[in-house]
Amino acid sequence: MTKKRFNILEHELVPEHIVLSKEEAEKVLEHYNIKPEKLPKILASDPVVRTINAKPGDIIKIIRKSRTAKKAVSYRVVVEETTAPTLMKK
Amino acid sequence: MVDTGITKKIGRIEFTLLSPSEIRKMSATKVITADTYDDDGFPIPMGLMDPRLGVIEPGLRCKTCGLRVGKDGCPGHFGHIDLAMPVIHVGFVKDIRDCLRATCRECGRILLPDKRLETYREMRERYIKEGKDPALVLKMLLNECKNVEKCPRCGREVGKIELDKPTTFRENGKKLTPSEVREWLEKIPDEDLPLLDIERKAARPEWMVLTVLPVPPVTVRPSVTLETGERSEDDLTHKLVDVIRINQRLQENRDAGAPQLIVEDLWELLQYHVTTYLDNQTSGIPPARHRSGRPLKTLAQRLKGKEGRFRSNLSGKRVNFSARTVISPDPYLSINEVGVPIEIARELTVPVRATPHNLEWCKMMVKRGPAPTTEDGKYLPGVNYIIREREGMKQRIKVTEKNADDVSEKLEPGMKIERQLMDGDIVLFNRQPSLHRMSMMAHKVRVVPYRTFRFNLSVCPPYNADFDGDEMNLHVLQGEEARAEAEILLKVQEHILSPRFGGPIIGAIHDHITGCFLLTFNNRKVPLDNALQILSAVVEKEKMPKIYKDENGKSYMYGRDIFSALLPKDLTISFPAKVCSHPPCDPKDCPTKTCVIIEKGVIKQGVIDENAIGAFKGALISRIIQDYGNDGGRKFIDQVTRLGIAAISVFGFTTGIDDEDIPLEAKRQIEETLENAKEKINHLVEIYRRGELEPLPGRNLDETLEMEIMRVTGKARDTAGEIAGKHLGLNNSAVIMAKSGARGSMLNLSQMAGCVGQQAVRGERIHRGYRYRTLPHFKKGSLGADAKGFVSSSYKKGLTPTEYFFHSMGGREGLVDTAVRTSRSGYMQRRLINALENLKVEDDLTVRDTDSEIIQFMYGEDGVDPMRSAGGLAVDVNRIISDIEGGR
Ligand SMILES: [Mg+2]
Ligand SMILES: [Zn+2]
Ligand SMILES: [Zn+2]
Ligand SMILES: [Zn+2]
């Protein structure tokens with residue numbers, strides 16, 4: 001018997017996440033004149049990323065509720081693991 | 001275009017340990033003598049001031065490299081001390097402990113079988129790849145080693161290793177000497193080091209136990225010669241003397257075969273001196289002290305904390321061309337100006353490069369000499385120095401009364417003169433603590449007599465300055481670019497609106513508000529002579545008020561018309577007044593007619609108070625800046641403050657303790673109210689004692705009682721205040737100040753005239769002190785009003801001794817809170833600033849860091865600059881509607 005799992009995408013505090021298509025992603029990068037690695041990151045292991053089935057390298061559009069702007073759009077690139085600078089050499 | 005290319009990137013920074021052989025290799029000399037100089041003042045060879053360690057006296061040559069002191073000169077050279085016995089390095093005790101805990105004393109291997117080691121090796125590799133801290137792997141390994149009883153390789157019984165702070169290690173309670181520790185560490189094979197989080201290339205674990213101590217060059221610890229000719233050595237030198245002395249004694253005693261006890265004592269003493277040499281704030285041992293009793297500043301103390309190398313010499317430095325003195329007010333200066341005393345103006349200079357175009361002017365300036373005045377003795381800027389640059393050599397010639405003419409003749413294009421401050425120079429002005437950007441603003445200089453910096457009172461709020469002895473700093477800008485930037489970005493008028501809340505932070509305060517209030521309240525009729533005197537204070541009038549005549553033929557003006565003289569002709573605005581007691585009030589049908597309606601630059605209704613012109617609140621200031629720019633705003637504030645001061649001077653204004661006088665009848669009423677409250681409390685306590693008190697939801701009986709009592713005492717004070725307030729009308733100076741927002745509050749007044757009220761510590765009635773009671777003046781277990789800190793007296797009447805004591809308890813809590821808050825929030829702010837200081841809003845409104853990584857896709861999510869917003873919002877819809885209506 002499988003338990004019915006709670007769909008986190010429906011939770012009020014989880015903002016809308018949309019996986020961008022290749023063309024859309026291209027457009028975003030061009031608009032901000034930026035390489036994907038300069039975008040904010042989100043771990044592939046993030047619960048929402050797993051739920052919407054995004055893969056490393058994908059760009060996700062996140063639409064949040066905002067106190068100042070009502071709606072705030074941001075983009076994140078999915079990464080395998082953190083790329084934060086390490087203290088040690090590899 | 002955002003450049004994503006990285007020009008230079010630091011790959012990595014590595015910190016490694018010095019090996020004993022490395023220390024010896026870089027040493028210029030072995031140091032064996034604890035003395036520094038001989039009787040003739042020459043450094044003793046192989047002493048701490050050996051000339052091979054470098055030179056500090058100018059002219060002398062270094063015995064090692066042959067260079068002199070100074071730039072490109074001798075950098076100084078390390079020496080070394082051979083320690084008779086090894087000592088633990090305090091900086092590494094934790095690492096040593098980990099090494100001892102993880103390895104076998106017999107064979108030196110990690111206390112786990114090969115299979116486990118392999119697992120940990122893989123885990124470590126993975127951690128590094130994923131960017132996690134590999135020290136966490138060591139932590140896990142140590143945890144596993146804790147449970148090992150026997151070495152899986154040689155079978156030796158594993159002892160329990162303890163670190164006895166600061167530098168003693170014990171195995172099963174038995175002391176390990178540093179020699180034993182070092183022998184143990186030596187046994188650890190290289191291949192096990194990575195798992196102990198030690199890089200083989202960087203260090204061997206036994207190097208954490210010192211056998212040889214590097215002696216820093218004399219340039220690091222220069223000695224100073226006092227006026228008396230006496231030499232004073234650096235703290236480090238003092239400490240090194242101690243180390244060498246004990247080291248010598250230890251060596252002699254050991255060699256002479258002294259008893260073990262004596263050798264051990266000396267060994268421990270050597271450990272103490274080396275430890276304090278490295279860090280004199282090691283917990284667990286008394287800090288080494290100077291003869292005067294001052295703790296020595298040793299290696300760690302040189303780097304650590306606010307006074308350390310990083311925060312005090314690298315992140316921030318002392319600067320030239322700056323001045324500091326006491327501040328005082330000057331209402332006749334513009335908010336953009338600062339009054340600089342002549343003495344300071346003569347010392348601070350602005351560099352001016354002589355060119356063919358200004359050569360004559362420069363010559364004239366130089367000719368004036370260093371302290372010129374006009375014929376009637378007024379200040380004139382002179383020249384302090386002339387700077388000539390030839391073949392890269394800078395030459396500074398001091399201008400004196402005598403050589404002024406000569407030097408002036410020799411002046412050529414390309415040379416620089418350092419001209420003294422003059423009116424209109426732009427300078428930075430600052431008051432600490434510099435908590436926001438308005439703590440440092442650009443002002444224009446006005447050279448003034450006397451010895452204080454002076455500025456307009458409206459600029460007090462952004463600096464949080466008052467004149468009870470505050471001092472402020474002034475910096476003279478030295479370059480054209482800096483001056484241009486200051487002029488455009490940093491001038492006071494560019495900061496009237498705060499980026500914090502979008503409202504004015506610079507505006508009228510105290511007497512300015514009282515003055516304007518007196519002028520406009522009830523649309524006062526001002527006799528013509530007074531009116532003209534007030535108006536004469538206003539330099540830039542938009543229009544002249546109309547003159548009326550009364551039945552006696554006396555001419556007068558209306559106060560509101562006088563104030564309207566400052567208002568732009570096309571200004572139309574309405575807003576609620578601070579004095580209006582009906583918030584939120586629509587000015588059009590304000591019951592008290594105090595809310596403001598301005599049409600075409602004329603006040604039609606209302607009174608000017610804090611809500612109109614005050615710092616933090618002034619709606620008029622906000623509007624004028626929105627419509628007429630920062631220049632308009634500056635003019636308005638300059639004029640309004642002058643008008644306010646002129647008005648209050650003409651009308652006269654004073655306050656005293658008799659402003660809190662209330663009729664006997666009112667006093668009786670207040671007493672009765674308080675008596676009733678006390679009775680009510682006694683009643684509550686009685687019900688509680690009888691166990692008949694109904695608990696509030698979610699509270700127990702005691703809490704319920706306390707809450708009920710707090711409510712009663714709160715209400716009693718409010719009622720007392722109301723009764724007192726009834727007799728304190730707007731003919732009362734203190735009330736005028738409170739109601740107009742100039743200073744003080746009605747609560748202050750009701751505490752002075754009515755009753756001070758319940759004192760609290762930690763939000764509760766006062767309950768600490770003696771057993772079962774707060775003070776011995778009360779019965780044990782008393783829960784009444786008086787026994788728990790209710791102050792029924794007024795400040796004017798005076799407090800009883802017990803009331804006074806409770807009041808002090810409440811006051812003390814406030815003081816402690818502020819003290820704790822400032823240090824905590826200061827640290828928090830430091831970290832926030834360090835994290836955010838290099839973020840920047842780009843042209844496309846994204847917020848990016850220096851790697852142009854995006855932090856925020858739209859600044860503040862809405863892209864609005866709060867300084868240019870309408871109270872934080874992008875558009876003020878009501879304003880647009882009222883503008884359209886007005887234009888109809
Ligand atoms: Mg002060
Ligand atoms: Zn040298
Ligand atoms: Zn072993
Ligand atoms: Zn009103």
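The values are calculated or read from the model by the stated rules, or taken from the named source; none is laboratory data. Keep in mind that this is a model prediction, so the values were computed, not measured. Note that we place each Cβ from the backbone using ideal geometry, even for glycine, and neighbour counts take in every protein chain shown. Calculation scope for accessible area: heavy atoms of the full protein, side chains included, ligands and nucleic acids excluded. Shrake-Rupley method; radii C 1.70, N 1.55, O 1.52, S 1.80 Å.
How big is the convex hull of the Cα atoms of the range B:89-208, per residue, in Å³?
Convex hull of Cα atoms, per residue: 100 Å³.
Helical content of chain B, expressed as a calculated mean residue ellipticity at 222 nm, amounts to -11000 deg cm²/dmol (DSSP H runs of 4 or more residues, -39,500 (n - 2.57) each, divided by residue number, nearest 500).
How many nm is it between the label spots at B:Lys780 and B:Glu671, if each spot is 7 Å from the Cα in line with the beta carbon? For B:Lys780 paired with B:Glu671, the spin-label model returns 3.5 nm.
Under a point spin-label approximation (7 Å from Cα along Cα-to-Cβ), what is the B:Phe42-A:Glu37 distance to one decimal in nm? Label-label distance for B:Phe42 and A:Glu37, simple model: 6.3 nm. Give me the base-10 log of I(q)/I(0) for the range B:330-371 at each q in 0.16, 0.33 Å⁻¹, Debye formula, one uniform scatterer per Cα, rounded to two decimals. One equal scatterer on each Cα of the range B:330-371 leads to -0.63, -1.13.
To the nearest µm²/s, what D does Stokes-Einstein give for the range B:657-816 at 25 °C and 0.890 mPa s, using the Kirkwood radius over alpha carbon pairs as Rh? All intermediate terms of the calculation are to be shown ahead of the outcome.
Numbers: Rh = 16.7 Å.
Result for D is 147 µm²/s.
Across the range B:322-495, the mean sequence separation of Cα contacts (distance under 8 Å, 6 or more residues apart), normalised by length, yields a relative contact order of 37 percent. By the Stokes-Einstein formula, at 1.567 mPa s and 4 °C, the range B:511-651 with its Kirkwood radius over alpha-carbon pairs has D equal to 87 µm²/s. Cross-link partners of B:Lys115 among aspartates and glutamates, defined as those whose alpha carbon lies under 15 angstrom from its own and excluding same-chain residues fewer than eight positions apart: B:Glu144, B:Glu191, B:Asp192. Among the trypsin sites (Lys or Arg not before Pro) found in the range B:89-160, those both in a DSSP coil and sparsely packed, with 14 or fewer other Cβ atoms within 10 Å of their Cβ, are B:Arg156, B:Lys160.
Nearest 100 Å² is fine: how much accessible area is buried between A and B, summed over both sides, with a 1.4 Å probe?
Numbers: alone 7850 and 49270 Å², together 55130 Å².
Summing both sides, the interface buries roughly 2000 Å².
Normalised by the number of residues in chain B, the mean separation of alpha-carbon contacts (under 8 Å, six or more apart) gives a relative contact order of 8 percent.
With the charge dipole of chain B set up from +1 on Lys and Arg Cβ and -1 on Asp and Glu Cβ about the Cα centre, the Cα lying farthest toward the positive end among the listed residues B:Ser439, B:Ser179, B:Tyr272 is that of B:Ser179.
Find, among the chymotrypsin sites (Phe, Trp or Tyr not before Pro) in the range B:417-474, those assigned to loop by DSSP (not H, G, I, E, B) with at most 14 other beta-carbon atoms within 10 angstrom. If you can, show how the numbers build up before the last one.
On the way: sites: B:Phe429, B:Tyr450, B:Phe453, B:Phe455, B:Tyr463, B:Phe467; in loops: B:Tyr450, B:Phe467.
Those satisfying the criteria are B:Tyr450, B:Phe467.
Taking the 1.4 Å solvent-accessible surface of the range B:840-883 as the whole, the part contributed by carbon and sulfur is 53%. When the distances between all Cα atoms of the range A:11-81 are binned every 5 Å from zero, what whole-number percent does each bin get? Distribution as computed: 3, 17, 27, 25, 17, 9, 1 percent.
From largest to smallest, the equivalent ellipsoid semi-axes obtained for the range B:337-403 from the alpha-carbon gyration tensor read 23, 14, 13 Å.
Determine the per residue accessible area of the range B:89-208 with all protein chains present and a 1.4 angstrom probe, expressed in square angstrom.
Numbers: 6200 Å² over 120 residues.
Roughly 52 Å² per residue, with all protein chains present.
Accessible surface area normalised per residue over the range B:840-883 is 60 Å², counting heavy atoms of protein chains with a 1.4 Å rolling probe. Compared with the dominant principal axis of the Cα atoms in chain B, helix B:114-130 is inclined by about 40°. Taking 7 Å steps out from each Cα toward its Cβ at B:Leu730 and B:Val761 produces label points 4.4 nm apart. The calculated FRET efficiency for B:Asp627 paired with B:Asp586, based on their beta-carbon distance and R0 = 25 Å, is about 0.65. For the range B:304-357, the Cα gyration tensor yields ellipsoid semi-axes of 30, 22, 11 Å (square root of five times each eigenvalue, largest first, whole Å).
Relative contact order for the range A:11-81: what percent, with Cα pairs under 8 Å and sequence separation of 6 or more? Kindly include the intermediate steps, with their values, before the conclusion.
Details: 101 pairs, mean separation 27.1, N = 71.
This gives 38 percent for the range A:11-81.
Set the Cα radius of gyration of the range B:589-655 against 2.2 N^0.38 Å, with N its number of residues, and you get 1.21.
Report, as a whole number in µm² per second, the diffusion coefficient that Stokes-Einstein gives for the range B:840-883 at 25 °C and 0.890 mPa s using the Kirkwood radius over alpha carbon pairs. Display every interim value, and only then the final one.
Details: Rh = 11.8 Å.
The Stokes-Einstein estimate is 209 µm²/s.
With a Förster radius of 51 Å applied to the C-beta separation of A:His11 and B:Lys546, the computed FRET efficiency comes to 0.15. As a calculated quantity, the FRET efficiency between B:Lys174 and B:Ser808 at R0 = 56 Å, using C-beta atoms, amounts to about 0.50. Taken along its three principal axes, the alpha carbon spread of the protein assembly as shown comes to 117, 99, 79 Å, from the longest extent down to the shortest. Among the listed pairs B:Lys63/B:Lys239; B:Lys726/B:Lys788; B:Lys525/B:Lys726; B:Lys549/B:Lys604; B:Lys71/B:Lys402; A:Lys38/B:Lys306, those whose Cα-Cα separation exceeds 31 Å are B:Lys71/B:Lys402; A:Lys38/B:Lys306.
Whenever you get a sec, compute what percent of the accessible area on the range B:270-374 sits on carbon and sulfur atoms (1.4 Å probe).
Values: 3200 of 5750 Å².
Carbon plus sulfur share of accessible area: 56 percent.
Each peptide in B:383-390, B:650-657, B:195-202 was scored by the mean count of other Cβ atoms within 10 Å over its residues; highest first, the order is B:383-390, B:195-202, B:650-657.
Quote the charge dipole size of the range B:1-155 about the Cα centre in Debye, to the nearest 20; the model charges only the Cβ of Lys and Arg (+1) and of Asp and Glu (-1).
Values: 27 positive and 22 negative charges, 172 e Å.
It works out to roughly 820 debye.
Would you tell me the mean number of C-beta atoms belonging to other protein chains that fall within 10 Å of each C-beta in B:853-861, as a whole number? Taking all residues of B:853-861 together, the mean is 6.
Would you mind working out the accessible area per residue for the range A:11-81, using a 1.4 Å probe, and quoting it in Å²? Walk me through the intermediate numbers first.
Numbers: 4570 Å² over 71 residues.
On a per-residue basis, the range A:11-81 sits at 64 Å².
Per q in 0.11 1/Å, what log10 I(q)/I(0) does a Debye calculation on the alpha-carbon atoms of the range B:372-513 return? Taking Cα atoms of the range B:372-513 as identical point scatterers yields -0.58.
A convex hull fitted to the Cα coordinates of the range B:1-96 yields 201 cubic angstrom per residue.
Shielding value for B:124-132 is 4, the average number of Cβ atoms from other chains within 10 Å of each residue's Cβ. 3J(HN,Hα) along the range B:830-839: 4, 6, 4, 4, 4, 7, 9, 4, 9, 7 Hz, from the Karplus curve 6.51 cos²θ - 1.76 cosθ + 1.60 with θ = phi - 60°, whole Hz, x for Gly and Pro.
Size check on chain B: the Cα extents along the three principal axes, sorted descending, read 117, 101, 62 Å. Once backbone amide H atoms are built at 1.01 Å from N, B:Val448 has B:Val340, B:Ile342 as its partners under 5 Å, excluding neighbours fewer than 5 places away on the same chain.
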